[in-house]
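Derivation of every value follows stated rules applied to the coordinates shown; laboratory data play no part. As the structure is a prediction and not an experimental result, all values here were calculated from the model. Neighbour counts are summed over all protein chains in view; Cβ atoms, including those assigned to glycine, are modelled from backbone coordinates with ideal geometry.
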Amino acid sequence: MRTRMISFAATVVFTAIPALLPTPAIAQESVYLLKNVTVHPVTSKTVENVSVLISNGKITGIGKTLRAPAGAKVMDLAGMHVFPGMIDSATDTGLTEISAVETTNDTGELGEFNPQIRVEVAVNPASEHFPVVRANGTTTMLVLPGGTGGGRAGGDQAPKTIQGQASLVHTDGWTWEEMTLNAGTGLQIRWPSIPQVSPRMAAMRGIRVPKFEESKKKQQEQVESLKAFFEGARRYQQAKVAGDPTFETDLKLEAMLPVLEGKRKVVIMANTERYIKEAVAFAKQQKLPMVLAGATEFGDTLPLLKENNIPVILGPTYELPPNEDDAYDYAAALPAKLYKAGVKFCFGSYGTQFARNLPYNVANAVAHGLPLEEGLKAVTIYPAEIWGVANQIGSVEEGKWADLIVTDKGDPLETTTDVKHMFIKGQPVNLESKHTKLYEKYLNRPKTTAPEKP
């Protein structure tokens, strides 16, 4: 990633602080029996008063008559509920620590085309943000190498079109290798767009607002440049297959081969109706398995997305409407509209600072018409299906990794529900975070008497 020496130095600084170290991993052979729980598989009906057996990191049994094997740790969790861990499908958690401190940010590689960039190697396992998101039930994240743009893609005029390979990572682990669930999950592309800067904002920043014709020409040049890069990658692919004696390996073009072969999803960030249509047309022309991200203004594109089977990563629902004439609850009601239109979707936090609010953004969508079951699936099994890992995570089923959360009051989307236990790949995870430490610290602050005034 950008400025590797600085990024490495920042990582050394972080990992040198004991308070920031991740939870120690427990031996993989550990066996756990969770007794007397209500299991919410999300892919089937809820079952009450059963046990869940975890061994070798996976769910090996769910039933009423399960017995603990020799050496198993038995946890009687009567009255508690087991859900699959939640999946955040758009974040830069682990790449940025303090947004205002440049050396702690590692997103946005220099250059226009960077398909060879692997985001997982830059994830900082000791980030203070991981314990915070774990506390609210997130066990897996899709980390985007080019950043998230706050959920509104397309406003950046800088030529950073292909931004690298997004990867699925667990939210706990000692190293990036240990955290990585699926490397190279998708290729992040930020669709070229015309930046919208109001005259007032331009005057405040002291910048010139180019004419529309000028901006449109530049945007089209970037689109043509993207198409030319893909065509160059196809010629590279053909030359490699043909065994051309003059063939030389090119790391950028080599990274494009899984994309051209349909083995790697393409996450295209396009925010408005016009750019969504352009991106879909491009994906169809190039025969790419597309996932739409960063969209806020869909217009009449929902039938187009359904027809082409293109999933969407929706963003925060506690947002102002994109236009002054839009309904006040535009963002909150959007998930229900996609559901009714038959468009498959999942949720992403689109950031780091408020990634902990992922379940509450889904809850807001539920309050505005999205069925509760669909809301839960949109942060569990649906993203697992979209990213091709539904055979590993996303539901509580035998044979899958035991990425589980145990809650006290049931629905993990409710603010009054607490996550009491978490398992990632079958290992219990410490739910302590900087927030809980500060809470305990000031909760136990000694009482003092104000000094008498002279």
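Under 1.5 on a/c is rounded, so check that first for region 268-411, then, if it is not, pick prolate when a/b is larger than b/c and oblate when it is not; a ≥ b ≥ c are the square roots of the alpha carbon gyration tensor eigenvalues.
Oblate shape, in that a/c is at least 1.5 and b/c is the bigger or equal ratio.
On a straight-distance basis, which aspartates and glutamates could pair with K58 in a cross-link, Cα separation under 20 angstrom, same-chain partners fewer than 8 positions away excluded?
Partners found: E29, D76, D172, E177, E178, E385, E397, E398, D403.
For region 25-123, with the dipole built from +1 on Lys and Arg beta-carbon atoms and -1 on Asp and Glu ones, taken about the Cα centre, which of L95, G111, S30 lies farthest toward the positive end?
So the residue furthest toward the plus end is S30.
Cα atoms only, the chain: Rg and Dmax in Å?
Expressed in Å, the Cα Rg and Dmax of the chain come to 23.4, 93.
Compute the projected area of the convex hull of the Cα atoms of region 27-173, averaged over all viewing directions, and report it in nm² to one decimal place.
Taking the Cα atoms of region 27-173, their convex hull projects to 11.5 nm² on average.
How big is the antiparallel share of DSSP beta bridges in the chain, given as a percent to the nearest 5? Provide the component values of the computation, followed by the final result.
Numbers: 33 of 61 bridges.
Given both bridge residues lie in the chain, the antiparallel proportion sits at roughly 55 percent.
Among the listed pairs K252/K277; K344/K409; K45/K340; K409/K441; K344/K434, which are separated by more than 32 Å between their Cα atoms? All intermediate terms of the calculation are to be shown ahead of the outcome.
Numbers: K252/K277 27 Å; K344/K409 28 Å; K45/K340 22 Å; K409/K441 26 Å; K344/K434 35 Å.
Correct reply: K344/K434.
Over the Cα atoms of region 374-430, what is the Rg over Rh ratio if Rh follows Kirkwood? Walk me through the numbers on the way to the answer.
Working: Rg = 11.9 Å, Rh = 12.1 Å.
My calculation puts Rg/Rh at 0.98.
Nearest 0.05, what FRET efficiency do F247 and V121 give at R0 = 25 Å with Cβ-Cβ as r?
So, using R0 = 25 Å, E works out to roughly 0.40.
In whole angstrom, how far apart do the alpha carbon centroids of region 56-113 and region 284-351 sit?
Cα centroid to Cα centroid, the span is 25 Å.
Which whole-Hz ³J(HN,Hα) couplings does region 387-397 yield from phi under the Karplus relation 6.51 cos²θ - 1.76 cosθ + 1.60, θ = phi - 60°, glycine and proline marked x?
8, x, 10, 5, 7, 10, 9, x, 7, 9, 9
Jot down the radius of gyration and Dmax of region 242-352, Cα atoms only, both in angstrom.
Considering region 242-352 through its Cα atoms, Rg and Dmax are 17.2, 62 Å.
About the Cα centre of the chain, what is the dipole size in debye to 20, counting +1 per Lys and Arg Cβ and -1 per Asp and Glu Cβ, all else neutral?
60
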